[in-house]
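The values are calculated or read from the model by the stated rules, or taken from the named source; none is laboratory data. All values reported here derive from a predicted model rather than from experimental measurement. Cβ atoms come from the backbone with ideal geometry, glycine included; neighbour counts cover every protein chain shown.
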Amino acid sequence: MKPTSAHLLSCDPALRPVAAKVLDGVRISAEDALALYHKASLGFLGSLANQVRERLNGDLAYYNRNVHLEPTNICEHRCRFCSYSRKMGEAGAWEYSLGELVHMAQEQVTKGITEIHIVGGVHPRRDVHYYAQMLVALRKACPGIHLKAFSAVELDAMFRKASLSIAEGLRLLQEAGLDSIPGGGAEIFADNIRSQICPEKTNAARWLEIHRTAHQMGIGSNATMLYGHIELIPDRIDHMQRLRDLQDETRGFNAFIPLKYRSANNPMSATGEVSPVEDLRNYALCRIFLDNIPHIKAYWPMIGKQMAQLALWFGADDLDGTIEDSTRIYSLAGAEDQSPAATVEELSLMIRSSGRIPVERNSLYQPV
Ligand code: V47
Ligand code: SF4
């Protein structure tokens, strides 16, 4: 039985005004979010998030056919949570040539993918002209495929290397075939946390400015939040507040993806990982707080297929895609699925068996 408004209002009296806001579709404040996080039971939080989720997306749950291309794991940064990056010449470093990338993409196109997600390390010697060439080659080899490419951190570095402004760099990439921007590199915006976990990385203001400029140019994007390490709950809420404010301005974010910190093989391993209950509480809070971002993605290669199914009842409405065993970021950091791949039949069954209605989508969340 689905919870009704009456069920939801029979809660801790201190939470009734916040619950009433959520049920009436009224935006909650940062203070409300903190109260919900600290005082609401998992069931209560989930029920509230579910109301928001169903208001926005009904019983639908989305998936797509996609593949990741990771051109290189060579990176000039050393984020302390990263299990993936290597310095040039270090054991385990890789870099594919443009020809190899095109070949890898073409192989996937035969499997019916609709999107290529390109993300990798911040290579010390590659500027935006190189990445524009990459997009031109992929666009030519795979016409009609949506190219979702380069986190704001990669973009920041490639524009600076070529001494171009954000708008100039994005224009070059857009002309080369860029369709949208993935949500990576956001981590946690708060300076005092960012300076401890990824001190060299593009700061919050620049990350937001890159997405703002992209949205103004008609390039949609996603946003992420890396949670479950040394951040506090107010840091998560502050992170979401900055995204919600930008979304009010531009309406350019398609989806928000909470990324659970996975602790294997990186300098922060001793921090450990948060529990599955915490993951669900976090999905729920994100769904309730980010009332203007249409989709919440439960990215299954990171949390596992079963958790992703559960998340569909705690605010999430999208599982991401078939992946085709093409990403290493999470397997190297200890995710359960060491060779992440799912068929459309499997994704569809995962959704149906969790009680939702599967919809294959394109990168703009239109049914395919
Ligand atoms: O920014 C790195 C994260 C991100 C770890 O836009 C880690 O559709 C957990 O942004 N534990 C890159 N997370 C991936 C990314 C993404 C993924 C899926 C979909 C989309 C989208 C974007 O991966 C990085 C960082 O936040 N990350 N290491 C780790 N140990
Ligand atoms: Fe480089 Fe990204 Fe890893 Fe940071 S998270 S070290 S920017 S690959």
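Name the pairs whose Cβ atoms lie under 9 Å apart, with the first residue in the range 248-262 and modelled with pLDDT of 95 or more, the second of a type in the set (Lys, Arg) and assigned to a helix (DSSP H, G or I), and 6 or more positions between them or separate chains? As it stands, the answer is Glu249/Arg212; Thr250/Arg212; Gly252/Arg212; Phe256/Arg287; Pro258/Arg236, since those pairs meet every condition given. If you go through the range 268-289 and keep only what is among the hydrophobic types (A, V, I, L, M, F, W, C), more than 22 Å from Asp248 (Cβ to Cβ) and either in contact with a Pro (Cβ under 8 Å, 6 or more places away or on another chain) or away from ligand 1 (no atom under 16 Å from the Cβ) (or both), you end up with Val277, Leu280.
Among residues of the range 235-267 being near ligand 1 (Cβ under 9 Å from one of its atoms) and not in a strand (DSSP E or B), the one that is nearest to the chain's Cα centre (by Cα) is Tyr261. Selection within the range 263-279: residues that are touching a residue at least 24 places away in the same chain (Cβ under 8 Å) and under 15 Å from Met307 (Cα atoms). The member of this set that is farthest from ligand 2 (Cβ to nearest atom) is Val277. Just to be sure before I move on: is Glu168 free of Cβ contacts under 8 Å to residues at least 40 places away in the same chain, closer than 26 Å to Gly92 by Cα and of a type in the set (Asp, Glu) in the structure I sent? No: the conditions fail for Glu168.
On the stretch given as the range 137-151, residues that are without any contact (Cβ under 8 Å) to a residue 60 or more places away in the chain, touching an Asp or Glu at 6+ places or on another chain (Cβ under 9 Å) and not in a loop (DSSP other than H, G, I, E, B) total 2. For the range 313-321, the count of residues that are more than 26 Å from Val119 (Cα to Cα) and among the hydrophobic types (A, V, I, L, M, F, W, C) is at least one.
Kindly indicate the residue of the range 222-234 that is free of Cβ contacts under 8 Å to residues at least 60 places away in the same chain and within 14 Å of ligand 1 (Cβ to nearest atom) and also farthest from the chain's Cα centre (by Cα) among those meeting that condition. Before the answer, list the steps.
From the range 222-234, those free of Cβ contacts under 8 Å to residues at least 60 places away in the same chain are 224, 227-228, 230-232; that's our starting set.
Cutting the leftovers down to within 14 Å of ligand 1 (Cβ to nearest atom) gives us 224, 227-228, 230-231.
Numbers: Thr224: 4, Tyr227: 12, Gly228: 15, Ile230: 19, Glu231: 18 Å.
Only one residue fits best here, namely Ile230.
Of all residues in the range 185-198, those that are within 14 Å of ligand 2 (Cβ to nearest atom) and touching a Phe, Trp or Tyr at 6+ places or on another chain (Cβ under 9 Å) total 6.
The set of residues from the range 290-314 being more than 19 Å from Arg352 (Cβ to Cβ) and more than 15 Å from ligand 1 (Cβ to nearest atom) comprises Asp291, Asn292.
Selection over the range 180-211 of residues that are assigned to a loop (DSSP other than H, G, I, E, B) and touching a residue at least 24 places away in the same chain (Cβ under 8 Å) gives a count of 13.
The residues of the range 245-289 that are crowded, with 20+ Cβ neighbours inside 10 Å, more than 28 Å from Tyr84 (Cα to Cα) and among the basic types (Lys, Arg) amount to a single one, Arg287.
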